[in-house]
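Novice: The structure is given below, and queries will be raised subsequently.
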Amino acid sequence: MSRKALIVIDMINPYDHKDAEQLLPSAERAVPVITRMLEAARRSGTHVIYVNDNFGDWRSHHGEIVDAAMAGVRPDLVEPLRPDDDSLFVVKARHSIFYETPLPYLLHQLGVDHLVLTGQVTEQCILYSALDAHIRHMDLTIARDGVAHIYADLADAALRMTERNMGARVSAAEEIAL
């Protein structure tokens, strides 16, 4: 039996980076979808794991990352997604959720073999994380409406690549059983 985890990538964000203005419209559409997915995961007991950039602050921990995002330009996009006390939080420094993070060990400890990816940026962190999940032989689902992009054409290509080359299931969030 497959054990799923809902992965929320880089949504705890101050939106003060150079591509933020291009990302914001897509993030605004994705936040309500991810919020509903979080609610469903928490109701069903599915593991919720936030994997978030540390934005180069090597002394930060998850609470400080959340505080910085809430003090950022768009706290309204962060508040609905705030980790609760049962959520797990992994700090990353590069695009993939796996690259030099303890996530593989955590997933093994939890018995998780199926990831449901949400978050941002589709054509960067979502794509690279999907590839790394694929090479680890993990089942993978991506919520098409639960990911945010900077460039729509690249995001569409990234999602097609995850389906075709990595065997990912890409579907609307409402079709994903958590």
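The values are calculated or read from the model by the stated rules, or taken from the named source; none is laboratory data. The structure presented is a predicted model; accordingly, all values stated were derived computationally and were not measured. Cβ placement follows ideal geometry from the backbone for every residue including glycine, while neighbour counts extend to all protein chains displayed. SASA here: full protein model, heavy atoms, side chains in, ligands and nucleic acids out. Shrake-Rupley method; radii C 1.70, N 1.55, O 1.52, S 1.80 Å.
Yes/no matrix, rows are residues, columns are (1) in contact with an Asp or Glu (Cβ under 6 Å, 6 or more places away or on another chain); (2) of a type in the set (Asp, Glu):
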{"position": "Trp58", "(1), (2)": "no, no"}
{"position": "Glu64", "(1), (2)": "no, yes"}
{"position": "Ala71", "(1), (2)": "no, no"}
{"position": "Pro83", "(1), (2)": "no, no"}
{"position": "Leu88", "(1), (2)": "no, no"}
{"position": "Val91", "(1), (2)": "no, no"}
{"position": "Phe98", "(1), (2)": "yes, no"}
{"position": "Cys125", "(1), (2)": "yes, no"}
{"position": "Ser129", "(1), (2)": "no, no"}
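Novice: Test of understanding: among Asp67, Asp84, Asp57, which residue is surrounded by fewer than 17 Cβ atoms within 10 Å (Cβ to Cβ) and over 18 Å from Pro14 (Cβ atoms)?
Specialist: Just a single option satisfies the conditions, and that option is Asp84.
Novice: Quickly run through region 107-126 and pick out the residues that are open to solvent by 40 Å² or more (accessible area, probe 1.4 Å), in contact (Cβ under 8 Å) with a residue 60 or more places away in the chain and of a type outside the set (Asp, Glu).
Specialist: Leu110, Gly111
Novice: Identify all residues within region 127-178 that are among the hydroxyl-bearing types (Ser, Thr, Tyr) and open to solvent by 30 Å² or more (accessible area, probe 1.4 Å); write none if there are none.
Specialist: Matches in region 127-178: Tyr128, Tyr151.
Novice: Moving on to the next point. Specify the residue that is farthest from Leu140 (Cα to Cα); the eligible residues are those in region 87-106 that are open to solvent by less than 60 Å² (accessible area, probe 1.4 Å) and part of a loop (DSSP other than H, G, I, E, B).
Specialist: The extreme case among them is Ala93.
Novice: I've got another one for you. Being without any contact (Cβ under 8 Å) to a residue 40 or more places away in the chain and of a type outside the set (S, T, N, Q): is that true of Ala93 here?
Specialist: Answer is no for this residue.
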